[in-house]
Amino acid sequence: MATVSRLHIFSQSFDHYRTGQPVVLGPGLCRSRSGRVGGRNGLCLKLKQYCRSFRCEEGGGVEEKEVVSERKSGNLKKSEAKLERGSGFWKSFRTTILGGDEYDKAVAKVEEVFSSIALQVGRYIITMMSTGVILAVGFQLSGGDSQMNTLIWYSWLGGIIIGTMVGANMVLDEHCRAGPRNVIITGSTRGLGKALAREFLLSGDRVVVASRSPESVHMTVKELEENLKDVITTASGSARKNLQHAKVVGIACDVCEPDDVQKLANFAVNELGSINIWINNAGTNKGFRPLLQFSDEDVKQIVSTNMVGSLLCTREAMRVMKNQAKGGHIFNMDGAGSGGSSTPLTAVYGSTKCGLRQLQASLLKECKRSKVGVHTASPGMVLTDLLLSGSTIQNKQMFNIICEHPETVARTLVPRMRVVKGSGKAINYLTPPRILLALVTAWVRRGRWFDDQGRALYAAEADRLRNWAENRTRFSFTDAMEMYTENTWVSVFSLSVVCAFIILSSTSSTFPGT
C-alpha cells in the first residue's frame, strides 16, 4: 500500500509541476515551478490533496472523475482567460496607440470619406444613364447609318472623357479649398456687411469686423458670437466640427485714414495669422437728390469712404497678401454706376462706383503675375439704410420687385467668394436667371416689402434672425439653376454631349441619308 501511495504522490507531483502548481519536497516545504520554496501552508494543502487521491485508489473512480472534470474546467477557464487577455491586448493597443476618442474620430473620418466617394460614384452612374438616353436619341436620328452611329459613339465617348476630367478637377479643387478662411470686412456692423460677416462665420471662417464706431464693433462681435453659439448647439457631425474653427473679432477703423487701415491689417495678422479675403464693403450715398443739394461735407464723405477708402484698403491688402505663401483675394463692391451708366439723383455715389471699376481694370494688369486676386462683388439692390435713405414711393414700389434682404444676398455671395480663384472675377447676385424670375413674377411681388404709401411691411432684423437658421438651410430655385452649371457632374457631361451633337449637325451633310 505504501508503494502504491508513493507512486501516486509522484504522479500528482508531476501533474502539479506541469500545471505550475506547488510541488511537495518534504516536511513543511514545497516548491513552485518557479523554484520558490513555501512553508507549512503548502504542505497542509498538498496533504489534503494526497489524502483525497489515496481515497480514490480505494473507493473507486468517482473521485477521480471529479478530479478530471476539475482539470477540464480549469483548462477551459485558462482558455477563456487567454481570450480575455487577447481582447484586452487589442483594446489596450487601440487605446494606447490611437486613443479612445482618436479611434472614434478616425472611424468617423473614414465613414465620411467613403460616403463622399459613394456620392460621386452615384452621380457618375446617373450621369452615364442620362447621357445614354441622349445617345439613344442620336442613334434614332441617324437613320441607321453605320458611319453616323460610329461618329456618335466617338463623340459621346469623347464628351464623357472630357467631362470626367473636368468634373474630377472640380471635385478635387473644392475639397482642397474647403478649409477655413481669414476674412476682413469693412463696414460690417450693419446691413450687408454684417450679413456677410455672419455668413462667413457660420461657414467655419474667422472674421474681422471693422467700422468707425468702437461701440458698434463691440455690439456686433457679441451678436455674432451669440449666433455662432446657437448654431453650434444645433449642429452635429462634420458641420459641428467645421464650426469649431470659427472666430469673430473686431476693431474700430476709419477707412479714410491710412493709419487706421494699417492698424486693421496688423490687427488681423496678429489675431488670425494671415488674411485670405479682404472685402471693401464700407460705403455711403447720403440719399437721393440732385447734385446741387449735396453739401461740401456730403461730397467729401461719399468720395472719401467709397473711393479713397477702397483705394487705401486695397493697397494695404495687397501689401500683406503679396508676402503670403498662398496670396489672397480682394473684393470691391459694385453699385449703381459701376458699368458707366447714368445715376441721376446719386451722381456722386455713381461716379465713385464707376471709378472703382476703372481701378479694377488697372489692377488686373498690374497684378497679372501676382498671387493676389482682385475681384468685384455686386450685391444688387439690398434692403439696407444705404439704399432706403432718401428713396421715394416710386422707388420703393420698384424695390418690391428687385430687392432682397441682406441675409438672402449674403447666402448667395459668400459660397462663391470662399472658392474664388485667379483674378478679375465678378460675383453677382442679380444674375440673368434671377432677373428673369423677378420680371416673370413681378405681379406676385407687388406689396412684398412696401405698401402703396411706401410703408415698410417686412420684419425688423432682430425678428428676421429668429428664423434665420432655418431659412439659411433652404436652397432657392435660382441657386439651383446657377449651381447646376458650376458644381455638378451632370451639367459637364450633358454640355459635352450637346457640343458633340453640334459638331454632328455641322457635318451631317457629308453623310448619306441624313
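The values are calculated or read from the model by the stated rules, or taken from the named source; none is laboratory data. Bear in mind the structure is a predicted one, so any value in this text is a computation, not a measurement. In this analysis, Cβ positions are derived from the backbone assuming ideal geometry, glycine residues included, and neighbour counts consider all displayed protein chains. Remember, those area values only see protein heavy atoms, side chains included, never the ligands or the DNA or RNA. Shrake-Rupley method; radii C 1.70, N 1.55, O 1.52, S 1.80 Å.
For the reader, a short list of remarks on this structure follows.
- Of the listed requirements (1) in a helix (DSSP H, G or I); (2) surrounded by fewer than 20 Cβ atoms within 10 Å (Cβ to Cβ); (3) among the charged types (D, E, K, R), residue 368 misses just one: (1).
- Residues being in contact with a helix residue (DSSP H, G or I) (Cβ under 6 Å, 6 or more places away or on another chain) and of a type in the set (Phe, Trp, Tyr) - total across segment 436-453: 2
- Among residues of segment 406-437, those that are within 22 Å of residue 336 (Cα to Cα) and modelled with pLDDT of 85 or more, counted: 18
- Residues in segment 277-308 that are under 21 Å from residue 425 (Cα atoms) and part of a helix (DSSP H, G or I): 306, 307.
- Odd one out for residue 257, checked against (1) more than 27 Å from the chain's Cα centre (by Cα); (2) among the acidic types (Asp, Glu); (3) closer than 25 Å to residue 412 by Cβ: (3)
- For residue 189: the one exception among (1) closer than 22 Å to residue 385 by Cβ; (2) in a helix (DSSP H, G or I); (3) open to solvent by 20 Å² or more (accessible area, probe 1.4 Å): (2)
- Restricting 358, 397 to those that are free of Cβ contacts under 8 Å to residues at least 40 places away in the same chain, among the polar types (S, T, N, Q) and open to solvent by 50 Å² or more (accessible area, probe 1.4 Å) reduces the list to 358.
- Scanning segment 100-125 for residues that are modelled with pLDDT of 70 or more, open to solvent by 80 Å² or more (accessible area, probe 1.4 Å) and of a type in the set (A, V, I, L, M, F, W, C) yields a count of 3.
- Residues of segment 312-335 satisfying the condition of being closer than 21 Å to residue 357 by Cβ and surrounded by fewer than 17 Cβ atoms within 10 Å (Cβ to Cβ): 315
- Screening residue 425 against (1) under 22 Å from residue 394 (Cα atoms); (2) in contact with a Lys or Arg (Cβ under 9 Å, 6 or more places away or on another chain) leaves a single unmet condition, (1).
- Against the list (1) modelled with pLDDT of 65 or more; (2) open to solvent by 30 Å² or more (accessible area, probe 1.4 Å), the condition residue 176 fails is (1).
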